[in-house]
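A.B. asks: Once you've had a glance at the structure underneath, I'll fire off some questions.
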Amino acid sequence: MSSPVVVVGIGADGWDGLPDPARREIQRCEVLMGSARQLALVPDTGAERVVWPSPMLPAVRRLLAEREDRAVCVLASGDPMLHGVGTTLARMLGPERVRVLPHPSSVSLACARMGWPVEDTRVVSLVGRPVELVNRVLYPAARVLVLSAGADSPAQVARLVTAQGYGASAMTVLERLGGSAERVVTGTAGKWDAVVDPLNVVALECRADPDVTPIPGVPGLPDEAFEHDGQLTKREVRAVTLSRLAPLPGQVLWDVGAGAGSVAIEWMRVDPACRAIAVEARPDRAARITRNADTLGVPTLRVVTGAAPEALAGLETPDAVFVGGGGTVPGVLETCWDVLGSGGRLVVNAVTVESEAVLATWHARHGGDLLRLSVHRAGPVGGFTAWRPAMPVTIWTAVRP
């Protein structure tokens, strides 16, 4: 393209709410792109108007390439760099090919109406994303803004929040923020039945029912937080395992022999940018992993049903790999080790003599750290209390040079 794509943020107040620089870019462009609703907010300037198709993303590159030698302006809702098309275009074309003129975001406007500090407010976007993402930010007294995908989103949020034991949460739906038709609808999640405008933001003030045990954000969730058939990395071992995996935002984990998916799920709960792939041979367990991921607010966890090492072929390159089951299967550890780049972490847990022998061999070959973890829990013995040992777990951690 001869000039950068200009992305103009626009609010529900339309043309009247745009500053002069944004108006000038719209007036000078040869091609104006946006949703039908956004295009209707600005006057006709003689430019070619292109309505985004649905789905939009697969068509963006083609639509821009067809207009490569013309001045293109793209309309975006609010701040284009907050869950917006500006982010998509900067990633697709490179930041040097995109110039963004932001408008106050719906997040900023909603926090202004609610009197909430933006920095203390959790934000979840449901635009093209599953509603179960809200589960990750539910805890008592949390303030959450949900960017809706349409008129049905508030009801979906209300049902989900109520099912998780937060039906007493105050819900405020802010419609058409910043426009002349702005409206506020209030209620509680458990009794929500309002009909609202498709252009809305949901503000939640989370209140837990008396019998709800909040789910903390730190690794080592209670075993009861997961649906499982006994094939589960237990709480204390899981916390140590995750500390060895050392999750960082934006990194990818392979959870091989995932069982209930607890390690992959807790990896993703560390940060919204953490991603994971859970590999499980049994279809019933794979389905269970998906349910656990939805319940615990990480529905974007990818679940691959198949046996390692064959099921590992073609997966996105990981930054860390956890092998919780199948470490004695020929080729599994070799595949996991070989796929890691420099600085990649491999963590393998073993509970049998045979699997410990495999880890001893790998430790001798590649170094790293061997740890044996033994957990004892107090339990009744007659009228007294005694310690009952769980099976000790050997953990091998190695970093690829």
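The values are calculated or read from the model by the stated rules, or taken from the named source; none is laboratory data. Note that this is a predicted model, so its numbers are computed, not measured. Here the Cβ positions follow ideal geometry from the backbone for every residue, glycine too, while neighbour counts run over all protein chains shown. To get the accessible areas, we keep the full protein, side chains included, count just its heavy atoms, and leave off ligands, DNA and RNA. Shrake-Rupley method; radii C 1.70, N 1.55, O 1.52, S 1.80 Å.
A.B. asks: In region 249-300, which residues are in a loop (DSSP other than H, G, I, E, B) and farther than 16 Å from GLY217 by Cβ? Step through it out loud before you land on a result.
C.D. replies: Within region 249-300, the first condition is being in a loop (DSSP other than H, G, I, E, B), and the residues that meet it are 249-251, 257-261, 271-274, 281-282, 296-300.
GLY250, GLN251, GLY257, ALA258, GLY259, ALA260, GLY261, ALA281, ARG282, PRO299, THR300 - these are the residues of region 249-300 that are in a loop (DSSP other than H, G, I, E, B) and farther than 16 Å from GLY217 by Cβ.
A.B. asks: Scan region 156-180 for residues that are small (Gly, Ala, Ser), buried (at least 19 other Cβ atoms within 10 Å of the Cβ), farther than 18 Å from PRO104 by Cα and more than 21 Å from the chain's Cα centre (by Cα) and jot them down.
C.D. replies: Matches in region 156-180: GLY167, SER169.
A.B. asks: To continue, here is another question. Do we find that ALA307 is in a loop (DSSP other than H, G, I, E, B), surrounded by fewer than 18 Cβ atoms within 10 Å (Cβ to Cβ), touching a residue at least 24 places away in the same chain (Cβ under 8 Å) and out of contact with any strand residue (DSSP E or B) (no Cβ under 9 Å at 6 or more places or on another chain) in this structure?
C.D. replies: Values: in a loop (DSSP other than H, G, I, E, B): yes; surrounded by fewer than 18 Cβ atoms within 10 Å (Cβ to Cβ): yes; touching a residue at least 24 places away in the same chain (Cβ under 8 Å): yes; out of contact with any strand residue (DSSP E or B) (no Cβ under 9 Å at 6 or more places or on another chain): no.
Considered against the rule, which asks whether it is in a loop (DSSP other than H, G, I, E, B), surrounded by fewer than 18 Cβ atoms within 10 Å (Cβ to Cβ), touching a residue at least 24 places away in the same chain (Cβ under 8 Å) and out of contact with any strand residue (DSSP E or B) (no Cβ under 9 Å at 6 or more places or on another chain), ALA307 comes out as no.
A.B. asks: Take the residues of region 234-252 that are touching a Lys or Arg at 6+ places or on another chain (Cβ under 9 Å) and closer than 14 Å to ASN349 by Cβ: which is surrounded by the fewest Cβ atoms within 10 Å (Cβ to Cβ)?
C.D. replies: The selected residue is ARG244.
A.B. asks: I'd like to know if region 198-211 contains one or more residues that are modelled with pLDDT of 95 or more, aliphatic (A, V, I, L, M), more than 19 Å from the chain's Cα centre (by Cα) and surrounded by fewer than 18 Cβ atoms within 10 Å (Cβ to Cβ).
C.D. replies: For region 198-211, residues modelled with pLDDT of 95 or more, aliphatic (A, V, I, L, M), more than 19 Å from the chain's Cα centre (by Cα) and surrounded by fewer than 18 Cβ atoms within 10 Å (Cβ to Cβ): absent.
A.B. asks: Polar (S, T, N, Q) and within 28 Å of the chain's Cα centre (by Cα): does that describe SER3?
C.D. replies: In short, no.
A.B. asks: All but one of (1) over 21 Å from the mean Cα position of the chain (by Cα); (2) in a loop (DSSP other than H, G, I, E, B); (3) of a type outside the set (Lys, Arg) hold for GLU224, so report the exception by its number.
C.D. replies: (2)
A.B. asks: Collect the residues in region 388-401 that are open to solvent by less than 60 Å² (accessible area, probe 1.4 Å), under 15 Å from SER355 (Cβ atoms) and among the aliphatic types (A, V, I, L, M), keeping them in residue-number order.
C.D. replies: VAL393, ILE395
A.B. asks: Out of THR335, THR385, which single residue is over 30 Å from VAL131 (Cβ atoms), out of contact with any Gly (no Cβ under 8 Å at 6 or more places or on another chain) and either among the polar types (S, T, N, Q) or open to solvent by less than 20 Å² (accessible area, probe 1.4 Å) (or both)?
C.D. replies: From the options THR335, THR385, the qualifying one is THR335.
A.B. asks: Helices (runs of 4 or more DSSP H) wholly in region 9-128 with at least 2 residues that are crowded, with 20+ Cβ neighbours inside 10 Å and over 25 Å from the mean Cα position of the chain (by Cα) - which ones?
C.D. replies: Because the criterion is at least 2 residues that are crowded, with 20+ Cβ neighbours inside 10 Å and over 25 Å from the mean Cα position of the chain (by Cα), the helices (runs of 4 or more DSSP H) in region 9-128 that meet it are 20-28.
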